[in-house]
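Enquirer: I'd like to ask some things about the structure below.
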Amino acid sequence: MKYTQLGRTGLKVSRLVLGTMNFGPQTGEPESHSIMDSALDAGLNFVDTANVYGWGENKGRTEEILGTWFAQGGRRREKTVLATKVYASMAPEGETWPNYDRLSALNIRRAVDASLKRLQTDYIDVYQFHHVDRRTPFEEIWQAVEVLIQQGKILYAGSSNFPGWKIAQANEAAARIGRLGLVSEQCLYNLAERRAEMEVIPAAEAYGLGVIPWSPLHGGLLGGVIKKEVQGGRRASGRSADALANSSVRAQVQAYEDLLDKHGLEPGEAGLAWLLTRPGVTGPIVGPRTQEQLDSALRAVELELSEEVLAGLDEIFPGPGASPEAFAW
């Protein structure tokens with residue numbers, strides 16, 4: 001496994017991030033534990049989750065699965081850089097009681113204690129804001145974060161799904177009170193969705209945030225979906241199925257698969273390897289449902305894409321260009 005620093009911090013993390021969103025809803029606890037053991041054995045030390053994963057009446061279930069894994073011992077927790085998130089409502093299913101969501105100081109305090117209990121640990125390495133909160137000032141958010149840091153409950157704060165100007169606003173507010181501010185940003189970023197290159201990634205680079213792309217294969221669209229259809233395998237669903245309904249997108253994905261087939265490359269592995277070449281990227285989040293999917297993701301870390309392949313990928317999936325030139329002149 002290869003490692004890098006998380007943004008401007010001294011924290012060293014693996015170039016792949018193990019996403020756990022499937023643990024519980026799609027992958028049972030025993031197999032989830034097996035996948036995490038395999039990832040740790042391979043040197044993958046960065047694990048990402050969220051308090052709401054498990055969803056619906058089972059929200060919190062994914063953190064519980066991680067907690068029972070840590071409880072097995074073997075220095076699992078000590079070897080892991082643990083990231084979780086706060087924002088979505090954690091009120092009992094069917095209730096809309098106030099102060100169980102967003103980023104108020106009250107909810108942050110309540111949410112972190114609940115996550116620590118489910119995770120069976122006494123601290124979180126990277127505590128992430130799952131979405132912007134348009135109602136809560138950053139002065140309040142940073143005050144709450146500082147209390148948690150002083151209590152030893154969290155070490156760093158990160159963001160997810162923030163626009164570039166919110167990254168700037170958050171870190172300027174932190175700087176005014178002498179705080180470290182955000183150290184990472186999770187954003188939707190892959191070959192098929194490159195809008196983050198306009199402002200989110202430049203803002204992250206300017207403020208020293210590590211970029212952690214989620215949905216690196218765009219919901220399976222970049223994982224060889226057409227080839228799998230032809231071979232009678234798993235059909236596209238969700239985001240990839242919706243995208244393939246567009247004939248121009250389907251032609252684009254076919255060109256992508258043809259290019260990689262020509263060079264003897266697996267689409268899913270190449271899609272991940274491409275992200276690892278991008279400026280500012282710490283590592284993409286991979287969310288394996290099975291051991292086989294984890295093995296494929298691990299191979300991507302060692303994959304070197306030639307200049308010919310990189311140029312071909314840019315031709316098929318051109319980026320939006322720099323801001324403001326991309327939309328101004």
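The values are calculated or read from the model by the stated rules, or taken from the named source; none is laboratory data. Since the structure is predicted, the reported quantities are computational estimates derived from the model, not experimental observations. Using ideal geometry, Cβ is built from the backbone for each residue, glycine included, and neighbour counts are taken over all protein chains shown. Calculation scope for accessible area: heavy atoms of the full protein, side chains included, ligands and nucleic acids excluded. Shrake-Rupley method; radii C 1.70, N 1.55, O 1.52, S 1.80 Å.
Enquirer: Does segment 278-321 hold any residues that are in a loop (DSSP other than H, G, I, E, B), closer than 19 Å to LEU188 by Cα and open to solvent by less than 60 Å² (accessible area, probe 1.4 Å), and which are they?
Expert: ARG278, GLY280, THR282, GLY283, PRO284, GLY287, PRO288, PHE317, GLY319, PRO320, GLY321
Enquirer: Restricting to segment 34-51, name every residue that is open to solvent by 20 Å² or more (accessible area, probe 1.4 Å) and not in a loop (DSSP other than H, G, I, E, B).
Expert: Answer for segment 34-51, where residues must be open to solvent by 20 Å² or more (accessible area, probe 1.4 Å) and not in a loop (DSSP other than H, G, I, E, B): SER34, ASP37, SER38, LEU40, ASP41.
Enquirer: A further question on this structure: Test GLY164 against the stated conditions and say whether it is under 18 Å from ARG15 (Cβ atoms) and open to solvent by less than 20 Å² (accessible area, probe 1.4 Å). If you could, list the steps in order and put the result at the bottom.
Expert: Working: under 18 Å from ARG15 (Cβ atoms): no; open to solvent by less than 20 Å² (accessible area, probe 1.4 Å): yes.
For GLY164, the condition - under 18 Å from ARG15 (Cβ atoms) and open to solvent by less than 20 Å² (accessible area, probe 1.4 Å) - is not met.
Enquirer: Report yes if ALA243 is farther than 24 Å from LYS2 by Cβ, touching a residue at least 12 places away in the same chain (Cβ under 8 Å) and among the aliphatic types (A, V, I, L, M), otherwise no.
Expert: In short, yes.
Enquirer: Could you look through segment 97-132, keep only residues that are open to solvent by less than 10 Å² (accessible area, probe 1.4 Å) and either aromatic (Phe, Trp, Tyr) or touching a Pro at 6+ places or on another chain (Cβ under 7 Å) (or both), and pick out the one that is nearest to THR62 (Cα to Cα)?
Expert: So, considering only residues that are open to solvent by less than 10 Å² (accessible area, probe 1.4 Å) and either aromatic (Phe, Trp, Tyr) or touching a Pro at 6+ places or on another chain (Cβ under 7 Å) (or both), the one nearest to THR62 (Cα to Cα) is TYR127.
Enquirer: Only one residue in GLY67, GLY94, GLY28 is open to solvent by less than 10 Å² (accessible area, probe 1.4 Å), small (Gly, Ala, Ser) and free of Cβ contacts under 8 Å to residues at least 60 places away in the same chain. Which one?
Expert: So the residue among GLY67, GLY94, GLY28 that is open to solvent by less than 10 Å² (accessible area, probe 1.4 Å), small (Gly, Ala, Ser) and free of Cβ contacts under 8 Å to residues at least 60 places away in the same chain is GLY67.
Enquirer: Examine segment 211-221 for a residue that is in contact (Cβ under 8 Å) with a residue 24 or more places away in the chain, open to solvent by less than 10 Å² (accessible area, probe 1.4 Å) and farther than 23 Å from PRO318 by Cβ, and state whether such a residue exists.
Expert: Checking segment 211-221: at least one residue is in contact (Cβ under 8 Å) with a residue 24 or more places away in the chain, open to solvent by less than 10 Å² (accessible area, probe 1.4 Å) and farther than 23 Å from PRO318 by Cβ.
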